[in-house]
Amino acid sequence: MRGLFAPFRFLSVSGQPNTEFWLTQCIILASTVLGVYLASFAGFEIAVDFDRYQSTSDVYNLERSLEAEFVDNIEKVETWIADYPEGPMTWHAANLAPRERHKLDDMVWETMRYSQRTFEVDPAIITGVRRFYSDIEAQMTIMFMQQNANGMAKHALENMQEIVATARADVLPLLQSEIERLDGELAKMTD
(Lines give C-alpha, C1' and ligand atoms only; values in the text may rest on other atoms or scores of the structure.)
Protein backbone atom coordinates (compact mmCIF):
# COMPACT_ATOMS: atom_id res chain seq x y z
CA MET A 1 0.00 0.00 0.00
CA ARG A 2 2.95 2.27 0.71
CA GLY A 3 4.09 1.93 -2.87
CA LEU A 4 0.77 3.23 -4.09
CA PHE A 5 1.04 6.44 -2.05
CA ALA A 6 4.76 6.99 -2.64
CA PRO A 7 4.27 9.71 -5.28
CA PHE A 8 2.02 11.57 -2.84
CA ARG A 9 4.52 11.73 0.02
CA PHE A 10 4.26 15.51 0.14
CA LEU A 11 0.65 15.04 1.26
CA SER A 12 1.64 13.11 4.35
CA VAL A 13 2.02 14.51 7.81
CA SER A 14 4.98 13.11 9.80
CA GLY A 15 5.49 10.44 7.18
CA GLN A 16 1.96 9.08 7.62
CA PRO A 17 -0.57 9.58 4.80
CA ASN A 18 -3.33 11.94 5.93
CA THR A 19 -5.95 11.23 3.28
CA GLU A 20 -8.90 12.38 5.41
CA PHE A 21 -7.40 15.85 5.76
CA TRP A 22 -6.71 16.23 2.04
CA LEU A 23 -10.05 14.72 1.03
CA THR A 24 -11.77 17.26 3.28
CA GLN A 25 -9.72 20.08 1.74
CA CYS A 26 -10.67 18.94 -1.78
CA ILE A 27 -14.36 18.83 -0.84
CA ILE A 28 -14.13 22.32 0.68
CA LEU A 29 -12.40 23.63 -2.45
CA ALA A 30 -14.98 22.03 -4.77
CA SER A 31 -17.90 23.32 -2.71
CA THR A 32 -16.39 26.82 -2.66
CA VAL A 33 -15.99 26.84 -6.45
CA LEU A 34 -19.52 25.50 -6.90
CA GLY A 35 -20.92 28.03 -4.41
CA VAL A 36 -19.20 30.96 -6.12
CA TYR A 37 -20.47 29.76 -9.50
CA LEU A 38 -24.06 29.38 -8.29
CA ALA A 39 -23.98 32.73 -6.47
CA SER A 40 -22.61 34.55 -9.51
CA PHE A 41 -25.20 32.91 -11.75
CA ALA A 42 -28.01 33.92 -9.38
CA GLY A 43 -26.60 37.45 -9.16
CA PHE A 44 -26.39 37.69 -12.94
CA GLU A 45 -29.98 36.46 -13.26
CA ILE A 46 -31.16 39.06 -10.73
CA ALA A 47 -29.24 41.80 -12.56
CA VAL A 48 -30.81 40.81 -15.89
CA ASP A 49 -34.29 40.70 -14.33
CA PHE A 50 -33.74 44.11 -12.73
CA ASP A 51 -32.57 45.61 -16.03
CA ARG A 52 -35.59 44.13 -17.82
CA TYR A 53 -37.91 45.55 -15.13
CA GLN A 54 -36.27 48.97 -15.28
CA SER A 55 -36.45 49.07 -19.08
CA THR A 56 -40.10 48.01 -19.12
CA SER A 57 -40.94 50.51 -16.40
CA ASP A 58 -39.19 53.34 -18.28
CA VAL A 59 -41.02 52.54 -21.53
CA TYR A 60 -44.33 52.25 -19.64
CA ASN A 61 -43.85 55.69 -18.05
CA LEU A 62 -42.76 57.17 -21.36
CA GLU A 63 -45.84 55.80 -23.13
CA ARG A 64 -48.16 56.98 -20.32
CA SER A 65 -46.76 60.50 -20.62
CA LEU A 66 -47.01 60.38 -24.41
CA GLU A 67 -50.61 59.18 -24.16
CA ALA A 68 -51.57 62.08 -21.86
CA GLU A 69 -49.95 64.65 -24.16
CA PHE A 70 -51.37 63.01 -27.30
CA VAL A 71 -54.93 62.97 -25.91
CA ASP A 72 -54.59 66.62 -24.84
CA ASN A 73 -53.44 67.59 -28.34
CA ILE A 74 -56.23 65.66 -30.04
CA GLU A 75 -58.77 67.43 -27.83
CA LYS A 76 -57.07 70.77 -28.45
CA VAL A 77 -57.29 70.33 -32.24
CA GLU A 78 -60.93 69.26 -31.94
CA THR A 79 -61.62 72.44 -29.96
CA TRP A 80 -59.89 74.56 -32.60
CA ILE A 81 -61.99 72.95 -35.33
CA ALA A 82 -65.21 73.50 -33.36
CA ASP A 83 -64.34 77.12 -32.50
CA TYR A 84 -63.18 78.12 -35.99
CA PRO A 85 -66.59 79.17 -37.36
CA GLU A 86 -67.08 81.56 -34.42
CA GLY A 87 -63.66 83.21 -34.65
CA PRO A 88 -61.82 82.52 -37.89
CA MET A 89 -59.72 85.65 -37.62
CA THR A 90 -57.90 84.24 -34.59
CA TRP A 91 -56.22 82.03 -37.20
CA HIS A 92 -55.76 84.61 -39.94
CA ALA A 93 -55.17 88.06 -38.41
CA ALA A 94 -51.47 88.60 -37.83
CA ASN A 95 -52.11 91.16 -35.08
CA LEU A 96 -53.88 88.45 -33.02
CA ALA A 97 -50.70 86.30 -32.99
CA PRO A 98 -52.27 83.10 -34.32
CA ARG A 99 -49.06 81.05 -34.13
CA GLU A 100 -48.71 81.71 -30.40
CA ARG A 101 -52.40 81.12 -29.74
CA HIS A 102 -52.56 77.82 -31.62
CA LYS A 103 -49.72 75.61 -30.44
CA LEU A 104 -49.64 71.93 -29.71
CA ASP A 105 -48.07 70.71 -26.49
CA ASP A 106 -44.95 68.80 -27.44
CA MET A 107 -42.82 68.67 -24.32
CA VAL A 108 -43.01 64.86 -24.02
CA TRP A 109 -42.65 64.36 -27.76
CA GLU A 110 -39.57 66.61 -27.89
CA THR A 111 -38.09 65.01 -24.77
CA MET A 112 -38.42 61.57 -26.35
CA ARG A 113 -35.71 62.59 -28.82
CA TYR A 114 -33.18 62.38 -26.00
CA SER A 115 -34.51 59.30 -24.23
CA GLN A 116 -32.62 56.05 -24.65
CA ARG A 117 -35.92 54.18 -24.36
CA THR A 118 -37.71 55.88 -27.27
CA PHE A 119 -36.88 53.17 -29.77
CA GLU A 120 -38.20 50.51 -27.42
CA VAL A 121 -41.68 51.93 -28.09
CA ASP A 122 -43.65 50.18 -30.83
CA PRO A 123 -42.61 51.76 -34.18
CA ALA A 124 -46.25 51.99 -35.29
CA ILE A 125 -46.95 54.24 -32.29
CA ILE A 126 -43.96 56.49 -32.93
CA THR A 127 -44.82 56.73 -36.62
CA GLY A 128 -48.49 57.47 -35.91
CA VAL A 129 -47.72 60.20 -33.39
CA ARG A 130 -45.03 61.70 -35.63
CA ARG A 131 -47.44 61.81 -38.57
CA PHE A 132 -50.11 63.41 -36.39
CA TYR A 133 -47.78 66.20 -35.30
CA SER A 134 -46.32 66.86 -38.74
CA ASP A 135 -49.68 66.68 -40.56
CA ILE A 136 -51.41 68.99 -38.08
CA GLU A 137 -48.48 71.43 -38.25
CA ALA A 138 -48.73 71.44 -42.06
CA GLN A 139 -52.46 72.20 -41.94
CA MET A 140 -51.90 74.89 -39.31
CA THR A 141 -49.32 76.54 -41.57
CA ILE A 142 -51.88 76.63 -44.38
CA MET A 143 -54.38 78.20 -41.98
CA PHE A 144 -51.90 80.85 -40.83
CA MET A 145 -51.00 81.78 -44.42
CA GLN A 146 -54.59 82.61 -45.38
CA GLN A 147 -55.84 86.18 -45.00
CA ASN A 148 -59.42 85.13 -44.32
CA ALA A 149 -61.74 82.14 -44.05
CA ASN A 150 -61.47 80.99 -47.65
CA GLY A 151 -61.69 77.60 -49.33
CA MET A 152 -58.10 76.65 -48.53
CA ALA A 153 -58.67 77.30 -44.84
CA LYS A 154 -61.85 75.22 -44.86
CA HIS A 155 -60.04 72.43 -46.70
CA ALA A 156 -57.24 72.57 -44.11
CA LEU A 157 -59.87 72.25 -41.37
CA GLU A 158 -61.36 69.21 -43.11
CA ASN A 159 -57.89 67.69 -43.32
CA MET A 160 -57.36 68.39 -39.62
CA GLN A 161 -60.63 66.57 -38.86
CA GLU A 162 -59.44 63.54 -40.84
CA ILE A 163 -56.06 63.57 -39.11
CA VAL A 164 -57.71 63.72 -35.69
CA ALA A 165 -60.15 60.95 -36.62
CA THR A 166 -57.27 58.74 -37.75
CA ALA A 167 -55.33 59.48 -34.57
CA ARG A 168 -58.35 58.62 -32.40
CA ALA A 169 -59.28 55.48 -34.34
CA ASP A 170 -55.84 54.01 -35.06
CA VAL A 171 -52.95 55.46 -33.09
CA LEU A 172 -54.56 56.09 -29.70
CA PRO A 173 -56.00 52.55 -29.29
CA LEU A 174 -52.63 51.10 -30.30
CA LEU A 175 -50.88 53.26 -27.72
CA GLN A 176 -53.40 52.34 -25.02
CA SER A 177 -53.16 48.61 -25.76
CA GLU A 178 -49.36 48.82 -25.58
CA ILE A 179 -49.63 50.56 -22.20
CA GLU A 180 -51.96 47.81 -20.94
CA ARG A 181 -49.55 45.14 -22.18
CA LEU A 182 -46.61 46.77 -20.41
CA ASP A 183 -48.70 47.18 -17.26
CA GLY A 184 -49.40 43.43 -17.33
CA GLU A 185 -45.71 42.65 -17.83
CA LEU A 186 -44.76 44.86 -14.88
CA ALA A 187 -47.39 43.18 -12.71
CA LYS A 188 -45.95 39.74 -13.60
CA MET A 189 -42.43 40.90 -12.81
CA THR A 190 -43.36 42.19 -9.37
CA ASP A 191 -45.35 39.11 -8.34
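Here are the criteria: (1) within 16 Å of residue 178 (Cβ to Cβ); (2) in contact with a Phe, Trp or Tyr (Cβ under 7 Å, 6 or more places away or on another chain). Tell me which single one residue 128 does not satisfy.
Looking at each condition in turn, residue 128 falls short on (2).
Working only within region 61-94, note down all residues that are over 37 Å from the mean Cα position of the chain (by Cα) and either acidic (Asp, Glu) or within 16 Å of residue 167 (Cβ to Cβ) (or both). So that I can check it myself, show each step before the final result.
Residues of region 61-94 that are over 37 Å from the mean Cα position of the chain (by Cα), as a first pass: 85-90, 92-94.
86, the sole residue that qualifies.
Select from region 161-181 the residues that are farther than 14 Å from residue 73 by Cβ and either touching a residue at least 12 places away in the same chain (Cβ under 8 Å) or touching a Gly at 6+ places or on another chain (Cβ under 9 Å) (or both) and list them in ascending order.
The answer is 161, 170, 174, 176, 178, 179.
Does residue 57 satisfy the criteria of being among the polar types (S, T, N, Q) and farther than 21 Å from residue 171 by Cβ? Steps first, answer last, please.
Working: among the polar types (S, T, N, Q): yes; farther than 21 Å from residue 171 by Cβ: yes.
Criteria met by residue 57.
Among helices (runs of 4 or more DSSP H) lying entirely in region 100-191, which contain 3 or more residues that are at pLDDT 95 or above and out of contact with any strand residue (DSSP E or B) (no Cβ under 9 Å at 6 or more places or on another chain)? Before you say what the answer is, go through the steps one by one.
On the way: elements: 107-111, 123-145, 151-166, 172-190.
The qualifying helices (runs of 4 or more DSSP H) are 123-145, 151-166, 172-190.
Return the pairs, sorted by first residue and then second, in which the second residue is at pLDDT below 85 and not aromatic (Phe, Trp, Tyr), the first residue lies in region 16-44 and is in a helix (DSSP H, G or I), the beta carbons are less than 7 Å apart, and the residues are 6+ apart or on different chains.
Close Cβ pairs satisfying both conditions: 22/11.
Scanning for something loosely packed, with under 14 Cβ neighbours inside 10 Å and among the hydroxyl-bearing types (Ser, Thr, Tyr), does region 171-188 turn up at least one residue?
yes
The values are calculated or read from the model by the stated rules, or taken from the named source; none is laboratory data. Here the structure is a predicted model, which is why all the values come from computation and not from measurement. Because the Cβ atoms are built from the backbone with ideal geometry, glycine has one as well, and the counts that use them run over all protein chains shown.
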